[in-house]
Structure formats: C-alpha cells, structure tokens
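The values are calculated or read from the model by the stated rules, or taken from the named source; none is laboratory data. All figures in this text were calculated on a predicted structure; none of them were measured in a lab. Reconstructed Cβ throughout: ideal geometry from the backbone, glycine too, with neighbour counts over all protein chains shown. Just so you know, the surface numbers come from the protein's heavy atoms only, side chains and all, with ligands and any DNA or RNA stripped out. Shrake-Rupley method; radii C 1.70, N 1.55, O 1.52, S 1.80 Å.
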Amino acid sequence: MSIEVRPVTASEFPDWLRAVNTGFLRPPTVTEGEVTSRLPHIDLARTQGVFDAGRCVATFRSFAQELTVVGGATVPSDAVTNVTVSPTHRRRGLLSRMMATDLAAAKDRGDVVATLIAAEYPIYGRYGFGPAAWTTEWEIDVPRAGLDPRWSGPSAADGGGRIDLVDGAEVRKLGPALHDRLRARQHGVVSRGDRWWQLNTGEDVPVPGSWTEPFHAVYRNADGAVDGLLVYRADDKWGDAKQPLNRASVLGLIAETPAAERALWHFVCSIDWITTVRSGHRAPDDLLPLLLPDPRAARVVTQADWMWVRVLDVVRALEARTYAAPASLTLEIHDPEGLAGGRFRLDASPDGASCAPTTRSADLALDVRELGTLYLGDESALRLAALGRVEQLTPGAAAVADRVFRAGRRAWCPDVF
C-alpha cells in the first residue's frame with residue numbers, strides 16, 4: 001500500500017497518539033482516558049498523520065495562537081506542535097509534506113506567522129523558520145546569594161504587598177488576567193487558552209498518575225491586586241550530616257512589575273531547607289542574577305534557542321510591530337516555499353510602520369528564515385551580515401537594520417507548546 005499523508009479521523013486518534021509517543025521516545029501505549037481527555041480539544045482538520053499500511057508513522061498538529069510582537073500588538077499565529085516521524089520512516093520527506101500542507105493552510109487562513117519550539121536545531125530552518133527567542137536557565141546557590149536570611153516578606157521599602165500560597169483553582173481564576181497583562185507588554189509571549197490553565201493546574205490530567213501538585217504563590221501589591229504568580233516544586237534531599245540539600249525548581253514565574261518579580265524570587269530563595277533554586281526558562285536578559293547581592297551565585301545551566309518564527313505575511317508582520325528608530329529600508333526576501341517572498345519597502349518608526357511591495361532596488365537581501373530571526377528584535381542584522389546570512393546591497397544598510405529592528409529587552413516566550 002502507498003503511504004498516505006492526510007488529516008486524522010477521530011477513530012484514528014488513538015493510533016496517532018501512539019505514534020506521537022513513539023516519536024518522542026515515550027512508552028508507545030495510549031489509554032482510553034487519555035484519548036477521552038485530549039480528543040475534544042484537538043482540531044482534527046489541523047491534525048495530520050502519515051499512514052503506512054493503515055498504521056500511523058508520522059504526526060503533525062497545529063493550533064491557533066496569538067504572538068505578542070515588539071510594541072505590544074499581537075498577530076495571529078499558526079502554532080506547530082506534536083511533530084514526529086517514527087524511526088522506521090525517517091528521511092523520506094514525510095515532515096516536508098506535512099509542513100507544506102500546514103503552512104499553505106495557515107497562509108490561506110490569514111495567519112501572519114507560524115511558531116514552534118524546536119526539539120532539534122537543524123530541522124526547521126529549511127522550512128523558513130528562524131530562532132526568534134532564546135532561553136536561559138540559572139541555578140542559584142542560595143547560601144552564596146547574599147540575601148537576608150531574616151527576610152519574611154515584602155517590606156514597605158520594597159513597595160509593600162504580600163505573598164500568599166494558593167491552590168490550582170485560585171490560579172485558574174487569577175492567572176489568565178495576569179498573563180494577559182504580561183503579554184500586552186512583553187514581546188515573544190504567546191496566548192494561553194482555558195485548556196492551558198486546566199492542564200497546568202491539574203484540573204485535567206490526560207495521563208493518570210502523571211500529575212504532581214506544585215506550590216503556587218501569588219504576589220499581591222499594596223492595593224491587593226495580583227501582580228505576580230510563582231509555580232514551583234521542591235525535592236527532599238539531605239546530606240549525611242543532616243544538612244538540607246533541597247532544590248526548588250521553578251515551573252513558571254510571571255510578574256507585571258519589577259517589585260513583584262523581586263519579591264517572588266526572594267520568596268523562593270528564602271524557603272527553609274532550600275539550598276539551590278532552578279529558575280526554569282527565562283529570557284537571556286532576565287533580571288534574576290542582578291536581583292541577588294552576589295550575581296555570581298546564579299550560574300547558567302542552559303543557554304539555547306527556544307521559540308522559532310516563520311513569517312507568512314511580510315507586510316502584516318512588519319506593520320504590526322514598532323521599531324527602535326525611524327528609517328526606510330527595502331528588503332529582498334527569498335522564500336523557496338513561495339509563501340512570503342518578494343521585495344518590500346519598510347518605513348519604520350517607534351510609533352509603527354508601513355510596508356508594501358516595491359520595485360525599488362533592495363538595500364538588504366535575506367532568506368525568510370533570517371527575517372523570522374530578526375522579527376522579535378532579538379538578533380543583530382550586523383551579526384547576520386557577518387555570517388553571510390544577510391547580504392548588504394546598500395552600504396551601511398545592515399547597521400540601519402540593526403538599529404531599527406533591535407528591541408530594548410530581549411524576546412521571551414515562557415511556554416512550551
């Protein structure tokens with residue numbers, strides 16, 4: 001029988017989940033409860049499978065998402081996830097076929113970009129994705145950090161407020177509004193639907209026994225409004241001399257204000273018996289190390305690419321964001337897939353931009369994947385030019401692009417999807 005690439009039906013969904021587990025090296029078993037929990041939340045029209053003799057051997061899924069860009073506006077995004085090819089069917093072009101189908105559909109829907117979290121670096125550049133937001137994780141040596149061991153909560157000097165432990169039900173009430181306020185100002189943050197909050201607070205556990213309840217802490221400012229949320233777990237490890245060696249692992253920390261951010265980091269570092277803190281995924285320029293009296297107490301344990309962006313509509317993408325300085329640039333965008341290529345005139349300013357196709361001579365030539373890398377202001381056009389990934393056709397154009405596209409803070413995506 002020939003290999004089929006097509007949308008998955010409801011009856012095939014258990015086999016599709018088995019293939020997902022196989023691709024991610026998880027046990028290739030699927031329970032009825034897992035199917036019952038997940039199927040109602042899956043758009044089967046956007047869920048592809050590759051079938052060989054009736055067995056699913058590759059998987060691909062996308063869903064609707066909003067991405068915050070520089071300046072605080074959001075653009076509709078095609079979020080790609082659950083991408084696998086079984087080890088028996090590698091190197092046959094199956095991912096390329098699924099990706100082409102999905103990106104074409106996203107373009108037709110009017111999505112401005114596509115996004116994904118890449119498990120491996122070399123895969124997605126050939127489909128026009130570029131790494132647009134990076135991640136850093138720190139481990140804090142708490143005794144060395146120099147924090148006041150007598151600290152018991154935010155003081156008036158810190159802006160007042162208080163920290164309270166809450167449960168998952170309370171997080172589902174308070175968290176969405178806080179997250180929406182964060183994504184209104186932080187580029188790189190993506191939208192979270194109700195399903196995200198259900199899965200990440202234990203209200204819905206697709207795989208029985210897979211959920212371990214974490215600790216949830218909220219920071220309330222002096223007026224009682226919630227400005228920050230911390231989620232963490234802790235282990236139970238003691239040394240031979242009955243000395244605590246426990247680690248707190250932060251699963252998420254979002255804060256609307258620097259006061260909330262400072263208070264929540266101080267809180268998790270002040271918990272009795274905690275001697276190390278893992279920060280979880282943060283922006284590379286996160287405030288965390290400099291919040292400590294001794295920043296060297298925070299050592300980097302992970303520094304890697306995180307969210308990748310693929311531009312589908314150059315005009316709408318470039319007009320959605322703001323720019324660090326006023327300038328005009330003509331960009332020649334190469335797109336082998338034919339989705340977003342062409343020559344475009346960008347007139348940028350800190351208040352916004354206009355962009356349109358043009359026949360004027362180009363100042364810069366670049367692949368659509370490099371446009372994705374530049375899009376959230378996290379990369380330097382000068383660096384890309386030095387690497388030969390941006391071609392400067394007008395002298396000084398790369399320096400102009402560097403001033404225009406770069407943002408004051410680095411992009412950050414706190415989510416895995």
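Kindly identify the stretch 147-213 as rounded, prolate or oblate by the Cα gyration tensor criterion: order the square roots of the eigenvalues as a ≥ b ≥ c, call it rounded if a/c is under 1.5, otherwise compare a/b with b/c, prolate if a/b is larger, else oblate.
oblate
For the stretch 38-116, evaluate the Debye formula with one uniform point scatterer on each Cα (no solvent term) and list log10 I(q)/I(0) at q = 0.12, 0.15, 0.16, 0.21 Å⁻¹, rounded to two decimals.
Evaluating at q = 0.12, 0.15, 0.16, 0.21 Å⁻¹ gives log10 I(q)/I(0) of -0.39, -0.58, -0.64, -0.96.
For the stretch 3-80, what are Rg and Dmax over the alpha carbons, in angstrom?
14.8, 50
For the stretch 252-408, what's the relative contact order in percent, using C-alpha pairs closer than 8 Å and at least 6 residues apart?
18 percent
Normalised by the residues of the stretch 354-417, what does the relative contact order come to in percent, with Cα pairs under 8 Å and at least six apart?
After rounding, I find 37 percent.
Relative contact order (percent) for the chain, with alpha-carbon contacts under 8 angstrom and 6 or more residues of separation?
Answer for the chain is 19 percent.
Given the whole protein assembly as supplied and a 1.4 Å probe, what does the accessible area of residue 52 come to in Å², nearest 10?
Probe radius 1.4 Å; accessible area of residue 52 about 40 Å².
Would you compute, for the Cα atoms of the chain, the largest minus smallest coordinate along each principal axis and list the three values in descending order, in whole Å?
Largest to smallest, the principal-axis extents are 67, 57, 40 Å.
Taking a cut-off of 22 Å, what percent of all Cα-Cα pairs in the stretch 165-280 are separated by more than that?
Counting every Cα pair in the stretch 165-280, those more than 22 Å apart make up 38 percent.
Counting Lys and Arg as +1 and Asp and Glu as -1, what is the net charge of the other residues whose Cβ lies under 14 Å from the Cβ of residue 273?
Once all neighbours under 14 Å are counted, the net charge is +1.
Run lengths n ≥ 4 of DSSP H only: what is the helix-derived mean residue ellipticity at 222 nm for the chain, with -39500 (n - 2.57) per run over all residues, to the nearest 500?
-7000 deg cm²/dmol
Quick one: dipole size for the stretch 1-156, taken about the Cα centre, charges +1 on Lys/Arg Cβ and -1 on Asp/Glu Cβ, in debye to the nearest 20.
440 debye
Taking Cα centroids, how far is the stretch 1-40 from the stretch 80-140 in Å?
First find each Cα centre; the distance between them is then 19 Å.
Putting +1 on Lys and Arg Cβ atoms and -1 on Asp and Glu Cβ atoms, find which of 368, 412, 400 reaches farthest to the positive end of the dipole of the stretch 359-412.
After comparing all options, I get 412.
For labels at residue 386 and residue 166 in the simple 7 Å Cα→Cβ model, what's the distance in nm?
Spacing of the two 7 Å Cα→Cβ label points: 4.6 nm.
Could you pull the Rg and Dmax for the stretch 287-393, using just the Cα atoms, both in Å?
Spelled out, the Cα radius of gyration and Dmax of the stretch 287-393 are 16.9, 56 Å.
What is the distance in Å between the Cα centroid of the stretch 229-267 and that of the stretch 346-417?
38 Å
Give the Kirkwood hydrodynamic radius (Å, one decimal) of the stretch 54-179, defined as one over the mean of 1/r across all pairs of different Cα atoms.
This gives a value of 19.3 Å.
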